[in-house]
Structure formats: C-alpha cells, structure tokens
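Read the figures in this text as sums done on the coordinates, not as results from a lab. In this text, all values refer to a predicted model and were calculated from it rather than measured experimentally. Backbone-built Cβ (ideal geometry, glycine too); neighbour counts: all protein chains shown.
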C-alpha cells in the first residue's frame, strides 16, 4: 500500500517544494530494512488514518486537499490518547523527510578520504565449510576486537566472526546518511525493548560493531564503579583496570575534543553551563582530526573516529587474525563428553548452503549484551538462571531549545560537550545533535505545524541526558531476541530531573523556548512553565530511547548470581570467554566503550596467563 | 597361563574387550584454491579402533587407505585418524594425510550430525585440504549409500585386542604326549642369509619327565647350512616364553647359544603386524585338533647379532616372524611356507596329513592365510582346508624339491609353487612325544612363485603376482 497520503498529510505537502514528494519512496526504503513488526505497524497505522479520512470525508488522505488533510489530522490530534501513537508514526517519516530535505541542498562537499588500514576480510560464502583455529571470536565490536587483537598478538590463530558487513570510510563518504543508517543498525535501527514504557534501543551491526555508529565519546570507568565491581560484586579484574584503560586510550587515540570544531550546539551547552556555574567541558573522544561532520551515528565519513575497525582490528589482522563477514553464528559447538566437563569445540555459522563450522578450543563470545544470551541459549549453554537478566541500559531523553539565531546543530561534533553537574545523581547531560531525523528527539506537531518545525530546524539546539539505571531488564529468546525492560521508579524520577536540568541549561544559554518532547505539552517558554509541564507528567510520556546495554552475562564472584566467573569465563563449560558489554557486572554510568574494551583486554590477558 | 587367560586378564585390567574395524569408501570433489576446475576424488579407508564404537561417546580410531584425486594424486599409503562421536559431539571427523606430487597434504573435515537431516549429515563430509597448515583447497566427499551401504555394514569386525607377547606364554599344563614349539625364521636383507631358531618342549606320551631342547640354523647365501642343537634340558615352566640350556624366548628378545657357543644369537624382536592364526582361532584356544599353528605377529623385524663359528651377522630391521605350535606331535606329512610378500603382505601355509587313524588317509588339509592390504583371505581358515564338505578345498602336492598349493575361494584363486633346492635345505630329525621320528627338510632360503587371480567378466585376470628368490621360509616333513 502506498504511504503517499499519510506522508503528504504529516509533512503538509502543498506542492510548493519538490523534496516532500520524494519522501514516500525514501520511507519505503527505510521500512524495507525494518523488522516485520515495525513494517506492519506503520502500514496498519497508515491504513487506519486513511480509513478515518474515508469515514470523515469519503476519500482517503491522498486525494484530499491540504486544508482537508489538516482538518483530518487536527481531529486525530484532538484525541490525547492518540498523540503518542502518532508520534511513533512520525519517527520513520521524519527520518525520510529529514534526509530528503537535507539532500535538496545538494550533497555535502567531500574532502579527501583517507585510506582505511587493511583488514583480512572474507565474506562468509567464500569461507571453507570446515576449518580450524586456535580461537574464534564471535563479534567484532569493542570487546571482540580487543580480545581478537590480544589473542592474535599472543600467537594464536584467531578467526573473528561478524554478522554484519564491512563498510569503508570511502563508502561512508559516498552514500547518504540514511542509506548508511538502515544498513549499519540491527533491524534498520528499529530495535526496541518491550516494557513500560517501550524503549528504542539501537545497536550497530557491522565490522566494528556499535563502535562504528557511536558518538566517539570515551569516558574512563568511574572509580566508584570499579570499586563496586571489585569489592561488592567480586569482579576482581576491575582492580587493574587503570592499566587496561590507559592501553585502550592509547589505541583509540583518545583526547579532549578541540573547541574550534565543536559546533554551535556544543558552544550553547558550554555557555549555558557557564551561566549556571555548572561543571561542563568538551568531551574526550577517539576522533583525532575530527572535522565536525556530525555523522558519527552513521559511520564517520572522514575516518577521524577511531572505531575499532580502524584502530584495533587492523592490529589484530596484522598479527594474523582473520575476519569473516556476513557470518551469523548459529550455535557454539560443545563437546559434552570431555573429561572434566563440557568444553567448547568451535562454532557453527549459518549460511545459505547449510552453514560452515570452525573448530577451536577457545570461543570468545562478544556478540553484544543483546545477542550473547540468545546465542548461549541456542548453544545449550543458557542454563544459568541469571543469564539474560541484569540488563542495564542508559535510558535517555532529549530536549531541544529554539534560539533566535541559526544553530545548525548538524554542523559540528555530534556529541560535543559533557555536563557533569548532576553526574553524582546518575544524570549525565551531553550536547548531542544528529543528522536530521536520526536523533531521539521528535519534532512536535502534525501537518503544517510539523512542516514549519522542519523548515526551522536549523534554529534548534539539542541536548541529551542519559541516566544510570537500576538493572531492570531481561534479554529473552533463543533465535530471535526479545528485550524486556521496565523503567524503575527511581530512574523515572531521574529522567524528569534530567529534562528539567536540560531545559534550565537551554534557557540559561538564551533559548526562546524549549521543546520538551512530551506529546501533549511539547513547548515551554520559561523555566517555571517547564516546571509546570513536568509537574503534570511522568517519565513514561517522554520520548525515551536507550543506549549501552550491559550486564546480561555478568561476571562476578558468586556462582549463583553471575553466569561468568571473575575472569570472564562462562560458568558450566570450559573454553568460553565473554568479552563484550554483557560481562560488565553493572551499569558503568558512562559511555561504556572504554570499559568494555578494558574488560575484554583484562579477560583475554587473564586467559593467556593461565 | 594360556593365551585365553592372558586375554581375559588384559580385559580386566581396563583394556576394552574388542576393537572395531570397518571399511568406508567416499566419492566427491576437490577444488584447489589456485585452480578453477573441480577434480573428482575417491577415498577408500580402513578404519580401526582399539575399542568397540561407542554410539553415545567418542571413539578415536586410526585410518589407512587410498586416496585418488583425478589427474593429480593416487596414494595408497594415506593414513590418519578419525574422531567418531555421532551423538556426544555430533561430529565424525577425518584427518587423513597423503602425498601428492611429492607434497605432504592433509584432508581435514567432519560430518556434522544433526537429527534434522540424519542421512545427509551422516554421509556428507565437507573438508579442507591443507599443506603445512595452510589451506590449499576445499571439497566435499559423500558416502554413496546406494552402492556402498551393504559393503560398509558387512565390513564391520570387532576383533579382540591381541597382544603378541601374550601368545608366547607356554600352553602346556602337564599333560603327557604333548609338544610345544616356539620358532623364529629371519632373512637378513643385507647378506641374504636365512636364520632358524627352534625351541621345543616335549612331554613324552609315556608320562616320563618333559624336556626342552632346540636348535639354531643359519642358511648362508654362499656356503653350506650350519646347524647346531641345544638341550635336552630339564623343563622349567616360564611365565612368558621359553628358557632352557641358555636359550631363551622372551617378549621382544631371543637369545641363546648352541653347541657350546658355536652358534650364538641375541636378537631384539619388534612385532609389526597383528597375530595371524594359520589354523582356526578356536583350535588355538581349545586344543581339539591334533595340533595348532599361529603367529603372534604376522610380521616382525629383528635387530641384533647372530654368530656362527667365526662369523657374526649383524641384523638391522631384518624381516621375519615367530610362530607357535602346540599339539600332540608332528603330522604324518606336512609342508609349511612363510612368505613375506613385501608392502605388509604375508602368505602363511600349513598343509598337513594327520597321524590320527582315519584322518591319515585323507589328502593334506591346506591351511592358507594370505594377509593382503590388512585383510585375510580366505576369510576363515576352515574354508581352504575343508571347502564345502570337501568340495572346493585347496589342494597341495607335496614333493621335493618343489611342492605346490592351489585353490579357489570366492572370486579369487591362488597358485603357490615352492622350491627348496637341496643345497639350501637342512635335514633335521624330529621326535614325537610317542617316540616316533619324522624327517624335516627345512630351507630358510627357499624360492616361491605365487599368483593370485580374480574372476572378472568371464575370465581369470592376474590380480597380483609375487616371486621370492631365496627369501621364502619353507619346510616339508615326511615319515
């Protein structure tokens, strides 16, 4: 079914510009990459809106005039219960509309694209049906890459299996952000956690894992978190994390982001914090020479961001590691009759011709906190009662401030400034702008109002806040992942406080109004008005997304509570190491890339020292 | 301790009671990485495990056989190992090493067993070909169920583990009228000399004291046969082997002297093959026949020295074999052949006419065992001796200097012609437990012509032919 009518209604296509007419085609492309449920949901909603229009006017949305469409949408928007649903419907439309509107200005100028360091890549169809290795690493993200490099440098024959494909910096520069977006994210970026409220939980799927699409922000694991892991949870490797964090920072060339390329969005955040006297500074990032393309979340087009496929995996390949792409691991092979108990023997990988197998005495699980538990379950290794539980994420929300002068937030560093004033209360504010439509912030309004917001989006500055949560999620499923996450009451309060803090910061920086992201009360023109808005709302009405899932195969001392032992070895089987975000015992409270890589390095080192 | 007892003792000490042997043929393809064509492959394997296959566990097995790759390789000495674990590990892994174009290559692959596709997963073997650990090609082998399943199932054997040393233990338990022999024959490949060491226990039929005696003989390539006796001496039972008058037979070692040191020997023996029962196996365990003959190892190699008069032979990996006889005495007439055919193949023949009343009127019963490529032909020793109630039995024409054995079994037939020239033959007098005498004419430098033929589409085709000049070990006995 065509989505032309719905799109034309939502963005008030009055025929005065060309770009809105291209949006339906773009939307079809976006939906094709999304999971079946999301596709069906969007199309059903479009049907429902068309049916409503038919009932009210005798025609579907497409043939209606602009004022008639506006009238239909206004009737729908007058029903408060429908607003959240309409907002969900707006997400893919804004994604497509933002891209088409950006493209009308012509493609961004391309500078010289640096050559990526070489990788030893083999597509799964070309890999031998039977092969052997000393170690198989499942996943090429932050944890998998670090483990692969450590093991390869120790002389082991390492094979890295990656479900996604390899994308070069040159390909990032060549293609539109949205084309990359749907390819680089699992489920086309539509991964979500079921619960109250539902959370969008995007994770990357490519050689390099989520490091290809993260913001490049690099926080060292806070000292109090390391103390907690070591002293209370028994994750003894945390004691030596400083050394590993230093090594990871050297590898990723982490440094404070220089001010000139921060962009107006970041400078507004700094100005607001200065006005309030809050602690804020440009973030430490792994992007030396960043040119402020603001496309971190769809792959850095200049190669400045040192994602692991540009920094760690080349070292691993230089030491002999090989990477197999398009390789989804079906199961870990386990020899159940080995003396001393079951032992991992290798992996089986799905392929159209029946799959291939690699035998290896060591299997490193680094498929990510959302994929590792299902993988272990379908391998018969999911018997530990806490496997898949203890899911911790960073629930996040964002707020935009409208300024009198153009901000053009998408020019500059995507995540530029950190405001740590409330970090002790578990709230970390980061100035975050994304390419149009790709952020978690949803512009308010429908029809003409939404069109006006789109046209004036260059005057918006956006801030995001993530909170340190109580682990309250679960990863279910064997073949397909089902994420269950219910926001804890404490965390809901923190989110409201985070919205208030961001609003205060934006007003202090000179914002004319703050867009709250709350469907029923989307605007506040002053701090008291914002307080009034927040007083009457709950966190469940915010547009929430979540990042940084961790802890689903947590390592710790207690065999009853932790599926992995303090050195990252999966309990109940020999020869399986867990080196991804799932091994972290609890929420690291900061962007976790360095923590994951340090843990992977520590676990691989401990294995080699055995 | 009898061999049977020894076997049971070995079993109780943790060794599995039976092994497993089977044959498997797979056909398939190979694509070398530096080629863009597919080559046909055939793999014929003989797989042996030290224990019976454990369906619920893992069985390690050895494999030998032949691999043929069209236009590239044909190696009949392929060898490797199997990991058979269809349920516990859901894997049957093959690692087979072979030579192609002078390159040492390894096929490494495994069948990945799954209950969803039982037939395919148990018959399809994807593999990778490695040279020095680096991949050079990939391919797939398939077990052709339609043509090979029956043959595969029929090839299963569950042999008892056989320790050559266990067969050296004396069988005699004090009965009167028994004779027991440990003998060894060797050919020195360097000098062409033949050696014969004979150790015998005789328990006279009249119940008098048993005695041990024996002799040694050397058959030089140039010069007369030299022969010397030791004993008779008092028999002292040994736990394993023979010892009397300074001549000993121990597991892995033969030493002694005869005629006051005129002949001296000190040899280390290394078994190189499985035991070979010339007579039916049951006749060795249950001595119901007048006598039984067997080889603890069908082939062995010998290192050490053999001195006669002023000359000393130094043996290095000299081929030969030891054999055992236990029974009531010597036959009325007999012929014996041990021929090392090379490449691990052995032919052992005993053709004999019994001393028993009634049986002595029969023609010679031929016990012929051809071990070729690890398999014995005919499959059962009774077949050449008895045929089908006499029909189709193998025939022997015992004479000197040439005697022959011919016979047909299944689709194969054999003709053996043994020549013992008088100048290379030693005449020895044997004494039975009942005091009667027999004359043995023995040569460890005999000649033999052996032709094996196979029936193929209306005619006999020569399958193999061997010619042994001075390296066959043979004997003819008469009264």
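As a test of the formula, what do you get for chain B when each DSSP H run with n ≥ 4 contributes -39,500 (n - 2.57) and the sum is divided by the residue count, at 222 nm and rounded to the nearest 500 deg cm²/dmol?
Rounded to the nearest 500, it is -2000 deg cm²/dmol.
Enter the mean number of other protein chain beta carbons within 10 Å of the beta carbon of each residue in A:128-137, as an integer. Numbers along the way, then the final one.
Details: counts 11, 11, 15, 8, 8, 0, 0, 0, 0, 0.
Mean inter-chain Cβ contacts per residue within 10 Å come to 5.
Take the Cβ-Cβ distance between residue A:557 and residue A:66 as r, set R0 to 51 Å, and report the resulting FRET efficiency rounded to the nearest 0.05.
After rounding to 0.05, the efficiency reads 0.20.
Once you put a point 7 Å from the Cα of residue A:116 and another 7 Å from the Cα of residue B:281, both along the Cβ direction, what distance in nm separates them?
Reported label-point gap for residue A:116 and residue B:281 is 6.3 nm.
Separation of the stretch A:344-389 and the stretch B:57-102 by C-alpha centroid, Å?
Cα centres, the stretch A:344-389 to the stretch B:57-102: 29 Å.
Neighbour counts of other C-beta atoms within 10 Å: give me A:491, A:13, A:28 arranged from fewest to most.
Values: A:491 19, A:13 22, A:28 13.
Ascending Cβ contact count within 10 Å gives the list A:28, A:491, A:13.
Please arrange B:455, B:215, A:19, A:229 by how many other C-beta atoms lie within 10 Å of their C-beta, fewest to most.
Least crowded to most crowded, the residues run B:455, A:19, B:215, A:229.
If R₀ is 56 angstrom, what is the calculated FRET efficiency for the pair residue B:145 and residue A:489, using the beta carbon separation as r and rounding to 0.05?
0.30
Going 7 Å from the Cα of residue A:259 in the Cα-to-Cβ direction, what parts of the stretch A:279-308 have a backbone nitrogen less than 14 Å from that spot?
It comes to A:280-283, nothing else.
In nm, to one decimal, how far is the modelled label at residue A:405 from the one at residue B:467, with both set 7 Å along Cα→Cβ?
Between residue A:405 and residue B:467, the simple spin-label model gives 10.9 nm.
Between 0 and 90 degrees, rounded to the nearest ten: what's the tilt of helix A:36-57 against the longest Cα principal axis of chain A?
The two axes meet at around 10 degrees.
Please compute the contact order of chain A in relative form: average sequence separation of alpha-carbon pairs under 8 Å and at least six residues apart, divided by the residue count, as a percent. Write out the running numbers ahead of the final one.
Numbers: 1456 pairs, mean separation 122.9, N = 610.
Normalised by residue count, the contact order of chain A is 20 percent.
Take B:282, B:456 and order them by how many other Cβ atoms sit within 10 Å, fewest up front.
B:456, B:282
Pull out the extension gain between residue A:350 and residue A:243, defined as 0.36 nm times the separation in residues minus the alpha carbon to alpha carbon distance; nm, one decimal.
34.7 nm
In Å, the Kirkwood hydrodynamic radius of the stretch A:379-423 over pairs of distinct alpha carbons?
Roughly 15.7 Å, rounded to one decimal.
May I ask you to list the residues of the stretch B:397-422 whose amide nitrogen lies under 11 Å from a point 7 Å from Cα along the Cα→beta-carbon direction of residue B:388?
B:410
Quick one: what do you get for the stretch B:164-478 if you divide its Cα Rg by 2.2 N^0.38 Å?
Numbers: Rg = 18.6 Å, N = 315, 2.2 N^0.38 = 19.6 Å.
Taking the Cα Rg and dividing by 2.2 N^0.38 Å, one obtains 0.95.
With only alpha-carbon atoms in the gyration tensor, what are the semi-axes of the equivalent ellipsoid for the stretch B:17-154, in Å, largest first?
25, 16, 14
Which three extents, in angstrom, do the Cα atoms of the stretch B:227-369 have along their principal axes, listed largest first?
49, 41, 29
Would you calculate a helix-derived [θ] at 222 nm for chain A, using -39,500 (n - 2.57) for each DSSP H run of n ≥ 4 and dividing by the full residue count, to the nearest 500?
-10000 deg cm²/dmol
What FRET efficiency comes out for the pair residue A:75/residue A:44, r = Cβ-Cβ distance, R0 = 22 Å, nearest 0.05?
On the way: r = 19 Å, r/R0 = 0.88.
Plugging the Cβ-Cβ distance into 1/(1 + (r/R0)^6) gives 0.70.
Kirkwood Rh over alpha-carbon pairs of the protein assembly as shown, then Stokes-Einstein at 37 °C and 0.692 mPa s: what D in µm² s⁻¹, rounded to an integer?
In µm²/s, the coefficient rounds to 93.
Kindly rank A:136-147, B:113-124 from highest to lowest mean number of other beta carbons found within 10 Å of each residue.
The peptides rank, most packed first, as A:136-147, B:113-124.
When you look at the Cβ of every residue in B:37-47, what mean number of other chain Cβ atoms sits within 10 Å?
Taking the mean over all residues of the peptide, I get 0.
Length gain on complete extension for the stretch residue B:135 to residue B:288, per 0.36 nm per residue less the alpha carbon to alpha carbon distance?
49.2 nm
Find the centroid of the Cα atoms in the stretch A:1-69 and in the stretch B:138-187, then give the distance between the two in whole Å.
A separation of 81 Å, based on Cα centres.
Take residue B:222 and residue A:478, extend 7 Å from each Cα along the Cα→Cβ direction, and tell me the distance between the two endpoints in nm.
Going by the 7 Å Cα→Cβ label model, 8.2 nm.
Subtracting the Cα-Cα distance from 0.36 nm times the residue separation, let me have the gained length for residue B:436 to residue B:152 in nm, one decimal.
97.1 nm
Give me the angle, in degrees from 0 to 90, between the Cα long axis of helix A:66-77 and the longest principal axis of the Cα atoms of chain A, rounded to the nearest 10.
Rounded to the nearest ten degrees, it is 60.
Would you mind checking the stretch A:138-153 for residues with the amide N under 19 Å from a putative spin-label position 7 Å along Cα→C-beta of residue A:165?
Residues A:139-141 fall inside that zone.
Please give the Cα centre distance for the stretch A:241-313 versus the stretch A:557-590, rounded to the nearest Å.
Spelled out, the Cα-based centre of one part sits 29 Å from the other.
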